[in-house]
1. Going 7 Å from the Cα of LYS361 along its beta-carbon direction, which residues of segment 308-344 have the amide nitrogen within less than 16 Å of the resulting point?
2. Give or take rounding to whole Å, what are the principal axis extents of the alpha carbon atoms in segment 15-128, in descending order?
3. Evaluate the relative contact order of segment 292-402 (contact order divided by residue number), counting alpha-carbon pairs under 8 angstrom at least 6 apart; express in whole percent.
4. Sorted by accessible area with a 1.4 angstrom probe, largest first, how do VAL77, VAL367 fall?
5. Given segment 338-432 reduced to its alpha-carbon atoms as identical point scatterers, what log10 I(q)/I(0) does the Debye formula return at q = 0.15 Å⁻¹?
6. May I ask you to order 85-96, 312-323, 338-349 by the average number of other C-beta atoms within 10 Å around their residues, highest value first?
7. Any number yet on Rg/Rh for segment 60-207, C-alpha, Kirkwood?
8. With all protein chains present, calculate the accessible area of ARG108 using a 1.4 Å probe and round the result to the nearest 10 Å².
Amino acid sequence: MSFKIVALISCMALSMGFAQDKKEQALRKELDELRREKSALESMRAGKLDQLEKAEASRWDSRYQQASETKAYEEKVRTLEDSYSRFAGDMGRLQDDLVKAQNEAKERQNELDGVKDSKDNFRLIIKQTINSAAENISTDIPIGIENSTLLYSEADKQIEGENPNPAMALERFYQAQSNRLVLGMTQSLSSRQSFVNESRETQVWRLQAGTVFVGELEKEGEQAAQMLLRTGSLQGKTFVWRGQLRDENRDVLKSAILAAANGKIDVTLPIDVLQNKSLGSGFVEGEKLGFFSAFLKFFKQGGFAMYPLALVGIFALFIVIEKSLLFWRRKVNPETFMAGLYPHVKSRNWQAAIQYCNQSKSSLARVLKPILVNAEQGREAAEKSVNEVMLKEIPTLEKRLSFLTALGTSAPLLGLLGTVSGLVAMFKVLNQLGSNDPKIMAGGISEALTATETGLSIAIPVLIIHGVFNEQLDTLSAVLNSRSMEVLNKIWPEGKHEKMV
């Protein structure tokens, strides 16, 4: 039993030993494999470490390269920033220089434009002066007019065209003015052949006083005298010889020429010192400016405002005539008229009273007639009828009086418009010509004062006549009211308003 146990134990021990050996072998085998795996893992780890080291080295190389590139980039950026800053500064300076250059160029252009405008204005002033002088040639006695006209024409050609020559134009202009000045200072007496009274040629003395007077006296025979005067045509810019002089002017001219022929220096001449554009009025026998011509001259002198003023005057005159005729027809002596009416009223002869009113065209007859027509209808009917007639009669008398007031009020305003127009025209001319010529100023002021004078000349009588018409209307209206009430009270005394049978 114990042997079996021992054997069993031995067997068990052997089996256990064998199992232990197998287990150890398995463990050693597993350990070997683990060692191999460890070796493999260590190999792998070494490989991974190598890779890691290479990756780390590569990463550090990359970081170094990146840091180098970053540093180079930053350096480049700094360089570019510095360059940009310098460029921006240069650009700012260039911009300032450009603006300055543009401003200088603009100022130079403005100066050039100003010079050009000044040059053009200077040329314009020269041209206007030349044209004005050329137009005024015909206002002088026609002596040396051909030479002056030629010089002014040459001056005008020099100032015109693509290449104007103001210096040459001024030279021609001053030459013409100098010639005119010389002629203006020339006083001479010469002997020559001339036509006297446009009929016969004879030897005459010709006396010249500057550019304002030329007269001739026949040496022998009748000793006819003649003067060179304006004709009045073409606004007084042409001259003709006039021989039909007034006796006093012919005697003065004859004495002056004979005295000059005898060597006398100071002589008296019949000269129009104002140089008016007349027809020789005051010099020629029987010749003077007619009323119509004087009126046309005055009308044209007032400017465009004279036309509406003329219409205002015509309308006002028409209304004054119309209202004058109306008041003349409608007015009557109330005492005389009532003296003829009362006998018929007292006798209650209404037909005769109506016939008496029909014989008169006055407003009083028109107002009283309805009372007589309605006398048999009672006072109330008569009052209604007379009120109706009054409502028609008074407006008829008042008609157009308000329009007459408007015309009288508008006339001085139109005259003021003409005043402003004349002054504006004068200042425009002065602004263009840059001249203080008293003739230019006198022309504008004359137009202004003429229009104002005309407006006041129309307004004052129109307003006075309107006041007279209003006074007559008030008087007539009072007469109509009082006389109609008087007739009503005559027919129907107080308290008796019954019908008259």
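The values are calculated or read from the model by the stated rules, or taken from the named source; none is laboratory data. Source: prediction; values computed, not measured. Methodologically, a virtual Cβ is constructed for each residue, glycine included, from the backbone with ideal geometry; neighbour enumeration extends over all protein chains shown. With ligands, DNA and RNA removed, areas are computed over all heavy atoms of the protein, side chains included. Shrake-Rupley method; radii C 1.70, N 1.55, O 1.52, S 1.80 Å.
1. 321-333
2. Each principal axis gives a Cα extent; for segment 15-128 these are 154, 22, 13 Å.
3. Answer for segment 292-402 is 20 percent.
4. VAL77, VAL367
5. Per q value, in the given order, log10 I(q)/I(0) is -0.71.
6. So the order, starting with the most tightly packed, is 312-323, 338-349, 85-96.
7. Reported Rg/Rh (Cα atoms, Kirkwood Rh): 1.70.
8. Answer for ARG108: close to 150 Å² accessible.
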